[in-house]
Each structure stands twice: as structure tokens, then as C-alpha cells.
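Single-structure report; data block below.
The values are calculated or read from the model by the stated rules, or taken from the named source; none is laboratory data. In this text, all values refer to a predicted model and were calculated from it rather than measured experimentally. Neighbour counts are summed over all protein chains in view; Cβ atoms, including those assigned to glycine, are modelled from backbone coordinates with ideal geometry.
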Amino acid sequence: MSSRTHRTRLAALAAGAALLVTGCGSVQAGVAAEVGSERIAVSYVDEQAEEFLALAAEQSGGRPFTDDEIARLRSLILQELIVHELLRDVAERHDISASEAEVAKAAQAMRSNPSVAPPPGMVDIIAYSDTLENKIGQKLGGERLQRELTAAADRLGVEVNPRFGRWTPRGLEPGGSLVSPLPQPEIGGLPQNQQ
């Protein structure tokens with residue numbers, strides 16, 4: 001992923017915040033999404049949102065966040081976690097890995113720029129995802145990467161708690177009782193509505 005894409009995605013995280021409630025729906029109670037056999041807990045999404053909100057409040061002088069900003073952040077966090085699982089699958093299928101040193105370097109770069117940093121508890125996850133995305137993109141090309149992510153989602157199955165929205169070939173489509181539909185975040189370098 002390019003620095004511009006990373007900054008744009010992280011800036012989108014910075015624009016929102018998190019609605020702290022539990023989820024239920026077609027996936028098990030307390031599960032925000034399932035990607036294959038991996039479950040992403042609502043509580044984990046909430047923890048990351050709380051961390052981000054605390055830091056954002058410090059940096060913004062305590063400016064309150066709107067419900068739409070909160071819902072948007074929550075959606076973006078879940079999107080990142082789903083894409084993380086998909087990238088892991090694509091990387092494994094193409095024998096691509098990210099070394100600890102590569103991930104540590106990417107994480108340090110994020111931590112050194114707090115204005116675009118993700119929630120602290122997600123820095124390593126996003127650094128790992130970014131590193132994999134860059135390496136997969138270099139090997140396969142950006143367009144093929146996008147097709148591979150779509151194929152991974154189909155192969156593994158992505159089930160999203162309807163309170164967060166629904167998964168489409170373009171990614172997480174916000175909706176449901178927790179999220180207002182807003183412009184989609186970028187995945188793989190292109191805004192989702194242009195893929």
C-alpha cells in the first residue's frame with residue numbers, strides 16, 4: 001500500500017469514533033464478523049475504538065464526536081480487521097510473508113506520526129497488513145491483489161453482524177442499526193466506490 005493510501009485510510013480513522021455497544025445478528029452474539037474460522041469480537045472493536053477516542057480527545061482538546069463519526073470509526077476498525085484476515089490468506093496462498101523486522105519498521109513509522117496513527121492496539125496488525133499488502137501488490141500487481149482479496153472473501157466466507165452492515169465484493173458496506181451509510185474507505189489503493 002502506498003503512503004498516500006495508508007495516510008488516507010488512517011486519516012479516515014481519525015475522522016471517526018466508536019459506538020460502544022454489543023452486537024448480535026446472523027453471527028453469534030458478541031461477534032462483529034467471522035472470516036472463515038476467525039471471529040472478530042465486538043468487544044475487540046470496542047476496545048480499539050475506545051483507545052482511539054481517548055487519544056483523539058487528547059489531541060483535539062476534548063472535542064466531542066458525532067454519532068456518525070463514532071459509527072464510521074467502528075466500521076473502519078472492523079473493515080481493517082476483516083481485510084487483515086483476507087490478506088493473510090492471500091499471502092499464504094502465494095507464499096508471501098512479512099518478517100518481524102519489516103512489520104516493526106512499518107509500525108514504528110505509524111507510531112512516529114500520531115496524527116495518522118491507528119488505535120494503539122491495532123498498530124502491529126495494520127503494520128503487518130500494510131507490509132503484506134505491499135509485498136503482494138509488488139508480486140501480483142494491484143488489480144490482481146483486489147481480485148485475490150475478493151476470491152479470499154468468497155473462499156473463506158465473510159459474515160458480518162448486520163448491526164455493522166454487510167460484506168460485499170467492495171468491502172464492508174456500513175448499515176444496520178449501528179452505522180450510517182457513508183463514503184467507503186480505501187482498500188488496495190482505490191476508493192471502494194471506484195473499484
Quiz item: Restricted to region 106-117, and to residues that are assigned to a helix (DSSP H, G or I) and surrounded by fewer than 19 Cβ atoms within 10 Å (Cβ to Cβ), which residue is nearest to the chain's Cα centre (by Cα)?
Solution: 116
Quiz prompt | Pairs where the first residue, in region 108-122, is within 15 Å of residue 46 (Cβ to Cβ) and the second is of a type in the set (Phe, Trp, Tyr), C-beta under 7 Å, 6+ apart | solution = 119/52
Quiz item: Quick check, is residue 49 at pLDDT 85 or above and within 16 Å of the chain's Cα centre (by Cα)?
Solution: yes
Self-check item: region 118-144: number of residues that are surrounded by fewer than 20 Cβ atoms within 10 Å (Cβ to Cβ) and not in a helix (DSSP H, G or I)
Solution: 1
Self-check item: Every residue from region 90-100 that is farther than 16 Å from residue 122 by Cβ and either surrounded by 19 or more Cβ atoms within 10 Å (Cβ to Cβ) or not acidic (Asp, Glu) (or both)
Solution: 90, 91, 93, 94, 96, 97, 99
Quiz item: Across region 12-37, what is the number of residues that are loosely packed, with under 15 Cβ neighbours inside 10 Å and either in a helix (DSSP H, G or I) or at pLDDT 90 or above (or both)?
Solution: 2
Practice problem: Return a yes/no flag: does region 60-67 have any residue that is crowded, with 16+ Cβ neighbours inside 10 Å and either among the small types (Gly, Ala, Ser) or closer than 28 Å to residue 157 by Cα (or both). | Solution: no
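The rows are residues; the columns are (1) outside any helix (DSSP H, G or I); (2) modelled with pLDDT under 95.
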{"residue": "39", "(1), (2)": "yes, no"}
{"residue": "54", "(1), (2)": "no, yes"}
{"residue": "84", "(1), (2)": "no, no"}
{"residue": "92", "(1), (2)": "no, no"}
Exercise. Collect the residues in region 89-118 that are over 11 Å from residue 131 (Cα atoms) and of a type in the set (S, T, N, Q), keeping them in residue-number order.
Key: 108, 112, 113, 115
Self-check item: Number of the condition not met by residue 63 [criteria: (1) in a loop (DSSP other than H, G, I, E, B); (2) under 18 Å from the mean Cα position of the chain (by Cα)]
Solution: (2)
Practice problem: Out of 78, 87, report the one residue that is of a type in the set (A, V, I, L, M, F, W, C), crowded, with 24+ Cβ neighbours inside 10 Å and in contact with a strand residue (DSSP E or B) (Cβ under 7 Å, 6 or more places away or on another chain). | Solution: 78
Practice problem: Determine, yes or no, whether residue 103 is at pLDDT 95 or above, within 24 Å of residue 52 (Cβ to Cβ), aliphatic (A, V, I, L, M) and surrounded by 14 or more Cβ atoms within 10 Å (Cβ to Cβ). | Solution: yes
Quiz item: In this structure, is residue 9 modelled with pLDDT under 90, assigned to a helix (DSSP H, G or I), charged (D, E, K, R) and crowded, with 16+ Cβ neighbours inside 10 Å?
Solution: yes
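So that you can scan it fast, the table gives a plain yes or no per residue for (1) hydrophobic (A, V, I, L, M, F, W, C); (2) within 19 Å of residue 171 (Cβ to Cβ):
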{"residue": "52", "(1), (2)": "yes, no"}
{"residue": "59", "(1), (2)": "no, no"}
{"residue": "62", "(1), (2)": "no, no"}
{"residue": "67", "(1), (2)": "no, no"}
{"residue": "70", "(1), (2)": "yes, no"}
{"residue": "76", "(1), (2)": "yes, yes"}
Quiz item: So which pairs qualify, if the first residue must be in region 131-155 and closer than 21 Å to residue 37 by Cα, the second must be surrounded by fewer than 16 Cβ atoms within 10 Å (Cβ to Cβ), the Cβ gap must be under 6 Å, and the two must be at least 6 apart or on different chains?
Solution: 150/169
